[in-house]
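The next block holds one structure in the form of structure tokens; read it before the comments.
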Number of protein chains: 2
Amino acid sequence: MAAEGHADGTVGKALDVLDMVASHGRPVRFSDLLVQSAYPKATLYRLLQTLTHQGMLTLDPDTGTYALGVRLVRLAHAAWAQSSLAPIARPHLDELAAKTGETIHLAQMDQGQVLYVDKRNAAKPVEMFAQAGKVGPAYCTGVGKAMLAWAPPEALEAAIARQSFYRHTEHTLDTPAKLIAELQAIRARGHAFDREEHESGIICCAVPILSRSGRVMGALSVTSTTARTTLDALGAQAPMIKDIAAKIAAEAESWRFPEQVQGRNA
Amino acid sequence: MAAEGHADGTVGKALDVLDMVASHGRPVRFSDLLVQSAYPKATLYRLLQTLTHQGMLTLDPDTGTYALGVRLVRLAHAAWAQSSLAPIARPHLDELAAKTGETIHLAQMDQGQVLYVDKRNAAKPVEMFAQAGKVGPAYCTGVGKAMLAWAPPEALEAAIARQSFYRHTEHTLDTPAKLIAELQAIRARGHAFDREEHESGIICCAVPILSRSGRVMGALSVTSTTARTTLDALGAQAPMIKDIAAKIAAEAESWRFPEQVQGRNA
DNA sequence: CCGTCGGTTTCACTATTTGAAACTTAGTCT
DNA sequence: AGACTAAGTTTCAAATAGTGAAACCGACGG
């Protein structure tokens with residue numbers, strides 16, 4: 001059911017296999033992959049061999065199992081550093097965390113899902129890798145809705161098609177229609193709320209991070225619990241959150257426009 | 001000219017492009033990539049398009065620049081969780097950090113280079129993503145030498161061919177011969193030292209993390225400065241470090257952790 | 001208005017990928 | 001033992017997907 005869309009070309013298939021390996025929590029056998037992949041034996045075999053040879057997968061010669069390779073960790077480091085908002089946003093998240101004392105999330109959109117790229121936890125110290133890289137649903141989280149609300153129509157449509165609309169709580173918006181109505185309200189209001197839609201007792205206020213041209217770059221949220229605060233109180237913080245989001249956007253944009261792309265490789 | 005190995009098939013080329021984008025610290029233009037890639041315009045264009053379509057790259061429509069995509073961050077999260085020693089080693093690193101009060105490194109080998117998968121910093125709080133994923137040279141770091149010392153001959157040869165042997169300090173082992181002699185001594189001694197070979201004033205003691213079958217899974221090191229301690233004092237800690245490395249190895253193995261691939265197949 | 005510079009598309013040519021089927025180990029059952 | 005079976009590896013003709021020189025387009029700058 002991976003239904004990872006239209007695998008364009010060999011590369012698409014290879015990446016599909018990569019996802020397949022990733023989706024299992026543990027090393028997988030060739031045959032395990034074979035049953036769930038649409039590809040015939042020989043094809044899958046060659047794909048795995050190529051990926052292994054490339055260091056994207058590692059093959060344990062003893063158990064004959066495949067796992068994601070360390071090359072991915074290296075690539076991801078670069079990805080996180082260069083293409084996510086995290087490094088730029090870092091000091092702003094610290095500031096926001098200090099001011100609110102609440103949990104802060106910085107997220108971006110990845111194939112219709114919310115991907116958390118950074119986080120400040122109210123209680124525990126930062127556990128970056130353990131949190132960054134996690135994904136969540138878009139239709140029932142503050143950051144997800146904030147990003148969807150400002151997404152271009154065709155992206156929104158594609159995203160909606162990928163939502164499960166599983167009813168996590170009694171407040172979950174469990175149909176596309178409800179969600180679309182909500183997005184409209186969010187646009188009008190300027191920020192999104194999570195009204196215990198994902199987890200009971202958990203509420204949040206989220207704002208989009210928009211580029212000057214109005215493109216959604218990510219979202220920023222302050223999360224709390226109904227025990228500790230109310231939606232209204234959170235909403236009162238919206239201007240400040242929005243302000244910080246704007247700062248992040250501005251910096252991100254000026255960081256991306258350096259006339260001179262420095263250094264050829266290395 | 002860096003000759004990123006022999007790109008096998010289209011997939012290899014695509015991954016090559018990915019590395020190329022990663023190697024620049026920032027978003028790159030099509031034309032920047034074109035000049036440094038061996039591929040002709042149309043080919044590179046199609047490759048970029050496929051990767052972008054797949055979410056491995058993102059194309060900023062405003063500036064027309066490519067950057068690594070967030071899908072990589074997601075994949076890496078899985079890679080880190082499933083194929084690196086980090087999650088298993090975490091509590092042990094904490095313990096070692098507490099006992100020594102020094103900087104701790106956990107590393108694995110990636111294409112002849114040292115890849116740091118986790119770290120405990122003596123001074124500052126953990127900055128995971130900023131550190132994990134970083135690469136370093138193998139021939140002049142404690143963890144690097146520890147892993148090379150127990151590497152199978154064929155892998156060692158391949159790794160040596162990839163070292164630059166740049167003379168970082170006056171203590172750097174700057175020839176294969178010197179390195180090989182040192183590796184022998186390390187094997188005999190059971191642990192490796194970094195005698196200010198990479199950075200002046202920085203010393204460390206590293207041990208390999210070996211599977212029961214003797215394969216190198218990674219390495220663990222305690223780093224300090226000449227101002228604070230001596231090699232002998234660090235060496236005295238070796239048994240304890242080794243003990244912790246053994247615990248990590250045992251747990252990793254019982255978790256059916258797939259070990260590093262060694263050689264490349266034909 | 002013309003020339004140039006990025007970037008995108010075309011299209012005949014070819015190399016790569018495909019996948020059914022045959023083959024090889026390494027276990028297992030009788 | 002021998003003869004099955006499961007899991008992984010290899011073959012090879014057919015077909016598909018990738019190639020890249022060159023043409024094309026649109027946005028500058030003069």
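Mind counting the residues in the stretch A:87-108 that are surrounded by fewer than 24 Cβ atoms within 10 Å (Cβ to Cβ) and facing chain B (nearest Cβ under 7 Å)?
Total meeting the criteria: 0.
Test B:D174 against the criterion of being of a type in the set (D, E) and within 20 Å of B:A86 (Cβ to Cβ), and give yes or no.
No: the conditions fail for B:D174.
Within the stretch A:11-24, is there a residue that is within 9 Å of chain B (Cβ to nearest Cβ), crowded, with 18+ Cβ neighbours inside 10 Å, aliphatic (A, V, I, L, M) and more than 16 Å from DNA strand C (Cβ to nearest atom)?
yes
Output the number of residues of the stretch B:27-46 satisfying the condition of being of a type in the set (K, R) and away from chain A (no Cβ under 12 Å).
Matching residues across the stretch B:27-46 total 1.
Given the structure, is B:L156 of a type in the set (A, V, I, L, M, F, W, C) and either in contact with a Phe, Trp or Tyr (Cβ under 8 Å, 6 or more places away or on another chain) or not assigned by TED's automatic domain parsing to the domain that holds B:L220 (or both)?
In short, no.
Can you spot a residue in the stretch A:160-169 that is in the same structural domain as A:Q111 (by TED's automatic domain parsing), under 23 Å from A:W80 (Cα atoms) and in contact with a Leu (Cβ under 8 Å, 6 or more places away or on another chain)?
Among the residues of the stretch A:160-169, not one is in the same structural domain as A:Q111 (by TED's automatic domain parsing), under 23 Å from A:W80 (Cα atoms) and in contact with a Leu (Cβ under 8 Å, 6 or more places away or on another chain), which makes the answer no.
Find all pairs meeting these conditions: Cβ atoms under 9 angstrom apart; at least six residues apart or on different chains; first residue within the stretch A:157-175 and part of a helix (DSSP H, G or I); second residue among the aromatic types (F, W, Y).
A:A159/A:Y139; A:I160/A:Y139
Within the stretch B:31-42, does at least one residue satisfy the condition of being of a type in the set (V, I, T), surrounded by 15 or more Cβ atoms within 10 Å (Cβ to Cβ) and at negative phi?
No.
How many residues does the stretch A:33-71 hold that are in contact (Cβ under 8 Å) with a residue 24 or more places away in the chain, away from DNA strand D (no atom under 13 Å from the Cβ) and assigned to a strand (DSSP E or B)?
2
The values are calculated or read from the model by the stated rules, or taken from the named source; none is laboratory data. Since we're looking at a predicted model, the values are computed, not measured. FYI the Cβ positions are ideal-geometry reconstructions off the backbone, even for glycines, and counts take in every protein chain you see.
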